[in-house]
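Have a look at the structure below, then the notes.
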Amino acid sequence: MITTDEVCNVLKMTEEEKYDLLKTVITDYERKENNLIQILHMAQAIFGYLPVEVQYFIAGQMDLSVSKINSVLTFYSFFSTQPKGKYTVSICLGTACYVRGGKDVLNKLKSVLGIDVGFTTEDKVFSLSVMRCIGACGLAPAMTINKKVYKQVNPNKIPMILGMLK
Ligand code: FES
């Protein structure tokens with residue numbers, strides 16, 4: 001069975017080698033639909049995201065419909081069909097953050113970055129996502145950029161926070 005560690009060198013792989021590795025992963029998981037989530041995780045580790053070509057490849061190898069693959073991808077927020085930027089900006093829209101202005105922060109992020117949730121800026125620097133409670137409710141609204149947590153985020157601070165990362 002191939003482990004996540006064994007796919008850490010994928011950046012050096014050609015597209016053909018990546019598809020070969022994915023085929024091995026699918027074979028290791030016995031092409032069983034029950035293992036689809038693990039296979040998708042490995043595919044995302046190999047390709048960085050799950051573009052439609054990869055979805056078609058998995059569907060073909062597993063004898064599943066592409067709509068089945070897509071329904072799993074859209075159900076779980078940890079799967080991405082878009083390439084990720086250098087920084088992933090995630091705004092919390094859990095109850096506490098939502099009522100304390102999380103939506104306003106999200107709207108500001110959308111307007112400053114010029115992208116919608118689930119997308120990446122053209123320069124591949126920022127991706128935008130939303131998440132549920134991260135345990136910082138007392139200092140809502142909260143957001144994260146990669147692993148760093150930002151608390152009591154004010155929409156007016158967004159340009160400065162993002163600007164410092166560029
Ligand atoms: S609801 Fe956002 S941190 Fe808890």
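Nothing in this text is a laboratory measurement; each read-out follows from the coordinates by a stated rule. On a predicted model such as this, the values are computed, not experimentally measured, just so you know. Cβ atoms come from the backbone with ideal geometry, glycine included; neighbour counts cover every protein chain shown.
Data overview
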read-out: Contact order relative to length of the chain, as percent, for alpha carbon pairs under 8 angstrom and 6 or more apart; value: 18
read-out: Total charge dipole magnitude, the chain, about the Cα centre, Cβ charges on Lys, Arg, Asp, Glu only, Debye to nearest 20; value: 1100
read-out: Angle in degrees between helix 52-62 and the longest Cα principal axis of the chain, rounded to the nearest 10; value: 40
read-out: Degrees separating the helix 66-75 axis from the principal Cα axis of the chain, which is the longest one; value: 30
read-out: The chain - mean residue ellipticity at 222 nm from DSSP helices (-39,500 (n - 2.57) per run, n ≥ 4, rounded to 500); value: -12000 deg cm²/dmol
read-out: Exposed GluC sites (Glu not before Pro) absent: longest stretch of the chain, with sites in DSSP loops and at most 12 other Cβ within 10 Å deemed exposed; value: 31-121
read-out: Normalised convex hull volume, the chain, alpha-carbon set, Å³ per residue; value: 130
